[in-house]
Amino acid sequence: MLQYYVGWAREHNKYVYRLNFSYGFSDQIKNNNARTEITQVFLTQGFLYPLRDKKLFSKELNLFIGASTDFIYFLNKPVVAVDGFDFSQSHAAMLSVGLNADAILRISNKFHVESALSTSILSFAFRSVDNEEDNESPAKLLTLIKGLNSSFDLGVRYFILNKLSIKAGYEFMLLNISAWEPLTLAGDYLVVGIIYRF
Amino acid sequence: MGTTNIGRRLFGRRYHLQILTIFMKKLGTIFLITIFGCLSGCRDIYVNPAGYDENLADFEATWNRINDVYPFLKFKNIDWDALYLVYQKRTQEAQGDEFIQVLNDILAELRDGHIYFEMKGGAQIYPWYPARYFKDKHTYDPFVVRKYFDRELTVTESGSAEYGILPQNIGYIFLSDFHDDYLVHEFPTIVNSLINTGGIIIDIRQRRGGTSQNVEAVVSHFIQEPLAWPKFFLLDQSIVIDPIQPKEPFYSNPVIVLVNGSTFSAGEICTEVLKQLPAVTAVGDTTGGGGVASSGNPPEARGEYILPSGKLIYIGTGYFEKYDGQPFEWVGILPDIRIVNTSEEIENGIDKQLEYAIQFITLENCNR
């Protein structure tokens, strides 16, 4: 599944603020002769504060830690015949506060290795509920045990120009909501991006 | 209380201010308690009081509508006159939204899975549904069905049906919707694509109703001569419906109709009509028992009825019988061969009803 991503970051004296948005859709997710349409939307905004610089393999290592708020929306719509009374689709949304950590290893002026790790701590989640089956509330406050949104990425960034760089990397993301009928969404992605500094 | 001579004499100026502060805080609390008390007493300003005229008008209209048109009061042994006083009293005592529960309960007395009510701008609320529906709600699963195929099923453009061919060269059609006229347009294409199979399984499990024209659209491809409908009654009058006419393409090989307790209304009529055909066998469990019907012609036979408040109720004005002359309301349609699925088997990926249908058609073809 292709996931489209756009991000913006602003460096202040003592912190970095960033805002990211990504969208993905596919109608070719298949298993056991069943096909489904998946839509997922992510919106993240947060702050990163630099820690003391360190050395790794005699190269400069910049570490950052910060907090963020994330919003996720997920829609699963299986391709099956249903009538007007029944619904085959399920959806979930989660608004979380969490922690993230970034690391940049400066191999050279033009070549960096970058990594990021984030996890939600507390979330306000919504889940589609079958009112015929149970009386559960469709909205709940969840800790990371019942509602987890986390991701890890590792990539390399090459500076074509001072302000223009390209990035390639790997990202793993995990969404797990178990406060209702369990929803586990895990994906690994090959990430390719262009970063312009202005 | 306020500042007192005792306070001034015993405690001096500093303590006067403390006493005044305490008094002002208490005054605030007293003020809040007073306001809360007033608002509680004024509940009738914002909650409709007992005996609200609109509620009583809705009750009268509902009771009269059911009394005038509902065809099964006698069949179901419902003393509708006796219920008038019971629900009139409850309506008089209902305040605010409590009347919605009263309306729900009076409609539930009919124990009819077709009956619903709707608030203005709201969804349909069904006060009662047959126990067989809940028994079989989880004894069919479209993903378990797909495990018996070696490729994806085709879902029609309307989403009202899906079909495919099993590895044993047996056609499979799941009918999810008898509403509008989807099957009139889509069913011929489905039959065409399955015309060279050794048999067809028509799956009507989990079905909640629709129109007779869609039933006709299905049945017409399995007959070579006109077929009479079972008897139909509307506002206590017997209504003659033109027989079902055969249509091309005609399918002549064995047919299995899969049904269960969730099969309802138009799905049951379809089953009852198909069962009359020598090449068709109904397999599964007894259907839900939804024999009530309505029609837009004449206008007074419409099931939808608007109450004085703008709420809507649906009350059937007619019914289909089975070919043996008995209504299938409550009773349902019995399958020719009873095979029961359990929800545990479905959770384990086993659909015994589908497996039996496949085996049956395979044996029929071997014996020919």
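The values are calculated or read from the model by the stated rules, or taken from the named source; none is laboratory data. Here the structure is a predicted model, which means the values were calculated and not measured. Glycine also receives a Cβ, built like all others from the backbone with ideal geometry; neighbour counts cover every protein chain displayed. Please note that ligands, DNA and RNA were not included when accessible areas were found on the heavy atoms of the full protein model with its side chains. Shrake-Rupley method; radii C 1.70, N 1.55, O 1.52, S 1.80 Å.
Counting DSSP beta bridges in the stretch B:133-266, what percent are antiparallel, to the nearest 5? Walk me through the numbers before you get to the answer.
Working: 11 of 20 bridges.
Expressed as a percentage, antiparallel bridges in the stretch B:133-266 total about 55.
Return the FRET efficiency for the residue pair B:Glu60, B:Thr154: r is the Cβ-Cβ distance, R0 is 56 Å, and the value is rounded to the nearest 0.05. Write down the numbers at each step before the final one.
Details: r = 51 Å, r/R0 = 0.92.
After rounding, the FRET efficiency stands at 0.65.
So what is the relative contact order for chain A, in percent, with contacts set as C-alpha pairs under 8 Å and at least six apart?
Numbers: 490 pairs, mean separation 23.9, N = 198.
About 12 percent, as a whole number.
Give me the net charge of A:Ser151's neighbourhood, meaning all other residues with Cβ under 11 Å from the Cβ of A:Ser151; Lys, Arg count +1, Asp, Glu -1.
Once positives and negatives cancel, what remains is -4.
For chain B, which whole-number percentage of the solvent-accessible area (1.4 Å probe, protein heavy atoms only) is attributable to carbon and sulfur atoms? If you can, show how the numbers build up before the last one.
Working: 9650 of 18010 Å².
Reported share for carbon and sulfur atoms: 54 percent.
Non-local amide H neighbours of A:Glu37 (under 5 Å, H modeled in plane, Pro and chain starts lacking H): which ones?
Correct list: A:Lys77, A:Val79.
Count charges around A:Gly46 for me, please; just the other residues with Cβ under 9 Å from its Cβ, Lys/Arg as +1, Asp/Glu as -1.
Details: positive: A:Arg18; negative: A:Asp70.
Neighbour charge sum, excluding A:Gly46 itself: 0.
Mind grabbing the accessible area of A:Met1 for me, 1.4 Å probe, Å², rounded to tens?
Near enough 80 Å² of accessible area.
Taking a probe of 1.4 angstrom, what is the accessible area of A:Ser90 in Å², to the nearest 10?
Using a 1.4 Å probe on the heavy atoms, I get roughly 30 Å².
Can you list the residues of the stretch B:145-172 with backbone N under 15 Å from a point 7 Å past the Cα of A:Asn32, pointing along Cα to Cβ?
Hits in the stretch B:145-172 for A:Asn32 at 15 Å: B:145-153.
How much net charge surrounds B:Tyr148 when only the other residues with a Cβ under 15 Å from the Cβ of B:Tyr148 are counted, with Lys and Arg +1 and Asp and Glu -1? If you can, show how the numbers build up before the last one.
Values: positive: B:Arg146, B:Lys147, B:Arg151, B:Arg205, B:Lys352; negative: B:Asp141, B:Asp150, B:Glu152, B:Glu162, B:Asp203, B:Glu345, B:Asp351, B:Glu355.
Summing Lys and Arg as +1 and Asp and Glu as -1 gives -3.
Order the following by accessible area, largest value first: B:His179, B:His221, B:His185. Probe radius 1.4 Å; ligands, DNA and RNA are ignored. Provide the component values of the computation, followed by the final result.
Working: B:His179 60, B:His221 0, B:His185 120 Å².
The ordering from most to least exposed comes out as B:His185, B:His179, B:His221.
Rounded to the nearest 0.05, what FRET efficiency do B:Ala228 and B:Phe75 have when you use their Cβ-Cβ distance and R0 = 22 Å? Kindly include the intermediate steps, with their values, before the conclusion.
Working: r = 23 Å, r/R0 = 1.06.
That pair, B:Ala228 with B:Phe75, gives E of 0.40.
A:Val41 versus B:Val340, label points 7 Å from Cα toward the beta carbon: distance in nm?
Rounded to a tenth, the inter-label distance reads 4.7 nm.
Counting alpha carbon pairs within less than 8 Å and at least 6 residues apart, what relative contact order, in whole percent, applies to chain B?
Averaging sequence separation for qualifying contacts and normalising by length gives 17 percent for chain B.
How far apart, in nanometres, would the label points at A:Tyr196 and B:Asp53 be if each is projected 7 angstrom from Cα along the Cα-to-Cβ direction?
So the two model labels end up 6.9 nm from each other.
Can you list the residues of the stretch A:44-70 with backbone N under 16 Å from a point 7 Å past the Cα of A:Glu11, pointing along Cα to Cβ?
Counting only backbone N, you get A:48-54, A:60-65.
At 1.4 Å probe size, put A:Trp8, A:Trp180 in order of accessible surface, largest to smallest.
Details: A:Trp8 100, A:Trp180 25 Å².
Result, largest first: A:Trp8, A:Trp180.
Looking only at B:Gly113, B:Gly210, B:Gly122, which one moves most when chain B is put into a Gaussian network model with springs between Cα atoms under 10 Å?
B:Gly122
Protein chains only, probe 1.4 Å: how do B:His138, B:His114 rank by accessible area, largest first? Could you put the intermediate results ahead of the total?
Numbers: B:His138 90, B:His114 25 Å².
The residues order as B:His138, B:His114, largest area first.
Got a sec? Charge dipole of the protein assembly as shown, +1 on Cβ for Lys and Arg, -1 for Asp and Glu; which of B:Leu153, B:Ala57, A:Phe87 is way out at the positive end?
A:Phe87
Can you list the residues of the stretch A:65-110 whose accessible area drops by at least 30 Å² going from the chain on its own to the full set of protein chains, with a 1.4 Å probe?
A:Val79, A:Val80, A:Ala81, A:Asp83, A:Phe85, A:Asp86
Spin-label point model (7 Å from Cα, Cβ direction): what's the B:Leu312 to B:Ile241 distance in nm?
Spacing of the two 7 Å Cα→Cβ label points: 2.2 nm.
Report the normalised scattering of the protein assembly as shown as log10 I(q)/I(0) at q = 0.08, 0.10, 0.12 Å⁻¹, calculated by the Debye formula with identical scatterers on the alpha carbons.
Normalising to I(0) and taking log10 leaves -0.78, -0.98, -1.14.
Taking 35 Å as R0, compute the FRET efficiency from the Cβ-Cβ separation of A:Ala139 and A:Leu164 and round it to 0.05. Mind showing how you got there, number by number?
Working: r = 44 Å, r/R0 = 1.25.
The calculated FRET efficiency here is 0.20.
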